[in-house]
Amino acid sequence: MRLGILLLLLSAPLLAQKRAITFDDYIALKAVSDAQLSPDGKWVAYTVSTPSLQDNRNVARVWVAEVATGKSRQLTGGPGSDRQPRWSPDGKTLAFISTREGGAQVWLLPVAGGDARKVSSLAEGASDPLWMPEGKGLLVTSDIKWPPSQEIDQRNGQYPTDARLWTNLMWRHWDDWRAGKRQHVFLVDVATGKATDLTPMDHDVPTIATGGDGDVAVSPDGRTVAFAMHGDSVVADNTNVDIYLMGSDGSNIQRLTTNPGAANTPRFSPDGKLFSYLSMERAGFEADRQRLMLLRRTDGRTESGNAIEATTGWNLSVGSYSWCPNAKCVYAVVEDRGRDNIYRIEIPSFRRSVVVSGGVNTGVQVGPDSRTLVYLHQSNTQPPEAWVSGKALSHQTDSAVATLDLPPLEAFGFIGALGDSVFGWMQKPPAFDATKKYPLIYLIHGGPQGAWTDYWGGRWNYQLFAARGFVVAAVNFHGSTGYGQKFTDAISKHWGDYPFEDLMKGLDVVARLPYVDSTRIGAAGASYGGYMVYWMAGNTNRFKVLVDHDGVFNPASMAGSTEELWFTDWEFGGPLYANRALYEQWSPLNFVSNWKTPILIVHSQLDYRVDLSEGYQAFTAAKRMGLDAKFLYFPDEGHWVLRPRNRRIWWGTVLDWLEVHLHESAHP
């Protein structure tokens, strides 16, 4: 008993040292990604990225850890960044992408010791290296000027300009101008560095939209390459991505799948007897259930025809997957009720079982015994680290996290729209005192087919909001993923009713909590979440302050300025000119006369998904309504704010805005 009291007294100062996270803590945390298991299962290579405010970029390095002992060391250094480590088939060499000499190129590093050497010299750089089975070549993806001779070149003549000319849709994508270029697959010879374009055609290979988790694969015998490609002449208004096969020299390109929905993530079983891929059934819908499909292979040839679904009867989607080395099972990452779990699917019985659960677990790799798993694990209290079968292998953030008071998420549920069960997450602030009343931040996710999960947010971090003395709530409304396809489907053509009803009913539940001050509630969201912030501004007065990031303000104008036209076609029942009534029914623009709530609007120049003009329109409306409104603009960001200095400005502006209106402090 005395020993127990002594231990308690000794531990009290340690507990007291924990404190709320600040932005400086947050930006200093290293990020582990892309864990890769060596062929013999003894080593894991991974990338460690460190945000640098000084350089205004993320500096990435390749590390390696021994599975048996956990001992780790940094393998790369110097100028630039190093990422995407890939083991050679014999395990003696690591290929990786480095910017140490300017553009991103493939480098090779002997694992036993020695200097790295540059292999590729592609004009537009390289990414996603994939070893050929014999170890003599690597497949990489690279942009290429297409066609080589263009009208704008002729018009420029001796006086070059930044002008662009195009004749096709999808001339830009996310934050990238695509007019005048294509993405192709190149074969890089390891000995000579010679790069050969295997896909010299007027298509992006692999696809740049509705793709999967690695859309190029090589058969075990090295004779066949599979890739996902949108083969239609017009790609912006449909999701008809198929799997294609070709010889390893680029010959004999043939389409394998014919389903009008998107297919991606091709893989060959290790024994070469099966071919697998992920497939969405419905045409034009980017958030349909992803099914794991199998085709038989005989004598090195993949049989076309009716594929077998390995996930029949399942209501959830496979996000990514890896084959077991013995070809008798597949490990799949599946989003499941606010978590990303890893399932084992037996082949050929298709019996499935959960083998890793809790938090978010991604990027699964399978050891030689077909049981040992390497993956990235994260949660609301733990930034991503490399794990091996339930145990942390990397420890890049342990010491920093140990000093922080990071309360875990708490789940809650209620009956929402259509009488369905709806679930959400609750985040309490550090040093929580149940006798106090706290203001509430209500977070709304984007997608709209997305979900709040138990993750360490790199963009919307629950802990950073809570650290300012807020309770945080986040509801996975109708349309969210991970709760069955019917639940996900419910939001399409219903942007403003079912999700809004869920959010208001969820707010009722949270506002009744004894430690929540129902008179001090703010809401924040991005993309579709930003749409909902605008929608709520005109349909409820329950919020004291709003934050809108890259939100859709006018669906009619968004339909004419976004690049993936199938999205608005599906969500609003067709193009604007064919179904304008639905666009108008769910348009926040039509409810601006009801706006009364102070609003911060954030939008960026390079956001080609939800055009900057959406933010301009909303800010103009807010000011003309006489609201307390502020606009935060980034000229060098897209749909996400990624640069360290911009992230600093974003978080400071957003949190201060919320404090001004919820803690009633002065404007900075």
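Here are some notes:
- Within the range 239-249, the set of residues being buried (at least 22 other Cβ atoms within 10 Å of the Cβ), part of a strand (DSSP E or B) and out of contact with any Lys or Arg (no Cβ under 8 Å at 6 or more places or on another chain) comprises just one member, V241.
- Test: residue in the range 383-390 that is closer than 29 Å to F470 by Cβ and among the hydroxyl-bearing types (S, T, Y): no
- The residues of the range 133-167 that are touching a residue at least 60 places away in the same chain (Cβ under 8 Å) and either more than 30 Å from A226 (Cβ to Cβ) or out of contact with any strand residue (DSSP E or B) (no Cβ under 6 Å at 6 or more places or on another chain) (or both), listed by number, are P133, E134.
- Strands (runs of 3 or more DSSP E) fully within the range 152-238 counting 2 or more residues that are at pLDDT 95 or above and closer than 25 Å to A283 by Cα: 181-189, 216-218, 224-230
- Residue in the range 421-431 that is of a type in the set (F, W, Y) and in contact with a strand residue (DSSP E or B) (Cβ under 7 Å, 6 or more places away or on another chain) present: yes
- Yes/no for T435 being β-branched (V, I, T), surrounded by fewer than 21 Cβ atoms within 10 Å (Cβ to Cβ), at negative phi and in a strand (DSSP E or B): no
- Restricted to the range 221-230, and to residues there that are buried (at least 16 other Cβ atoms within 10 Å of the Cβ) and not β-branched (V, I, T), the residue that is farthest from P200 (Cα to Cα) is G222.
- Residue in the range 350-359 that is buried (at least 20 other Cβ atoms within 10 Å of the Cβ) and among the hydroxyl-bearing types (S, T, Y) present: no
- Scanning the range 127-143 for residues that are more than 12 Å from R86 (Cβ to Cβ) and surrounded by 17 or more Cβ atoms within 10 Å (Cβ to Cβ), we see that the one that is farthest from the chain's Cα centre (by Cα) is G137.
- Some residue of the range 542-558 being closer than 22 Å to P598 by Cα, surrounded by fewer than 20 Cβ atoms within 10 Å (Cβ to Cβ) and at pLDDT 95 or above: yes
- Residues in the range 563-616 that are under 15 Å from W174 (Cα atoms) and in a loop (DSSP other than H, G, I, E, B): E563, E564, Q605, L606, D607, Y608, R609, V610, D611.
- Residue that is nearest to the chain's Cα centre (by Cα) [pool: residues in the range 64-107 that are of a type in the set (S, T, N, Q) and outside any loop (DSSP other than H, G, I, E, B)]: Q84
- Criterion violated by G113 - all others in (1) surrounded by 13 or more Cβ atoms within 10 Å (Cβ to Cβ); (2) without any contact (Cβ under 8 Å) to a residue 12 or more places away in the chain satisfied: (1)
- V364 passes every criterion in (1) farther than 30 Å from K328 by Cβ; (2) touching a strand residue (DSSP E or B) at 6+ places or on another chain (Cβ under 8 Å); (3) buried (at least 19 other Cβ atoms within 10 Å of the Cβ) apart from (1).
- From the options T298, T312, residue that is more than 28 Å from A35 (Cβ to Cβ) and at pLDDT below 95: T298
- If only residues of the range 439-448 that are surrounded by 24 or more Cβ atoms within 10 Å (Cβ to Cβ) and not hydrophobic (A, V, I, L, M, F, W, C) are counted, the one that is nearest to K428 (Cα to Cα) is P439.
- When residues of the range 22-61 are limited to those that are over 19 Å from Y455 (Cβ atoms), among the small types (G, A, S) and part of a strand (DSSP E or B), the one modelled with the lowest pLDDT: S52
- Enumeration of residues in the range 333-351 that are farther than 15 Å from G319 by Cα and either in contact with a His (Cβ under 8 Å, 6 or more places away or on another chain) or of a type outside the set (S, T, N, Q) (or both): E346, I347, P348, F350, R351
- Selection status of R282, touching a residue at least 60 places away in the same chain (Cβ under 8 Å), among the basic types (K, R), under 28 Å from L565 (Cα atoms) and surrounded by 15 or more Cβ atoms within 10 Å (Cβ to Cβ): no
- Qualifying residue in the range 373-388 (condition: among the β-branched types (V, I, T), more than 24 Å from W63 (Cβ to Cβ) and either at pLDDT 95 or above or not assigned by TED's automatic domain parsing to the domain that holds W460 (or both)): no
- Scanning the range 315-347 for residues that are part of a strand (DSSP E or B), crowded, with 22+ Cβ neighbours inside 10 Å and of a type in the set (G, A, S) gives S322, A332.
- Every residue from the range 300-314 that is surrounded by fewer than 18 Cβ atoms within 10 Å (Cβ to Cβ) and of a type outside the set (K, R): G300, E303, S304, G305, N306, I308, E309, T312, G313
- Flag for S527 being in contact (Cβ under 8 Å) with a residue 12 or more places away in the chain, out of contact with any Phe, Trp or Tyr (no Cβ under 9 Å at 6 or more places or on another chain) and either crowded, with 20+ Cβ neighbours inside 10 Å or not assigned by TED's automatic domain parsing to the domain that holds G479 (or both): yes
- Qualifying residue in the range 617-624 (condition: in the same structural domain as H549 (by TED's automatic domain parsing), more than 20 Å from D25 (Cα to Cα), among the polar types (S, T, N, Q) and without any contact (Cβ under 8 Å) to a residue 40 or more places away in the chain): yes
- Pick from the range 209-228, criterion within 18 Å of A332 (Cβ to Cβ) and among the small types (G, A, S), ranking: farthest from the chain's Cα centre (by Cα): A217
- T519 meets the stated requirement of being more than 26 Å from the chain's Cα centre (by Cα) and either assigned by TED's automatic domain parsing to the domain that holds Y583 or touching a residue at least 24 places away in the same chain (Cβ under 8 Å) (or both).
The values are calculated or read from the model by the stated rules, or taken from the named source; none is laboratory data. Since this is a predicted model, take the numbers as computed values, not measurements. Note: ideal-geometry Cβ built from the backbone for every residue, glycine included; neighbour counts use all protein chains shown.
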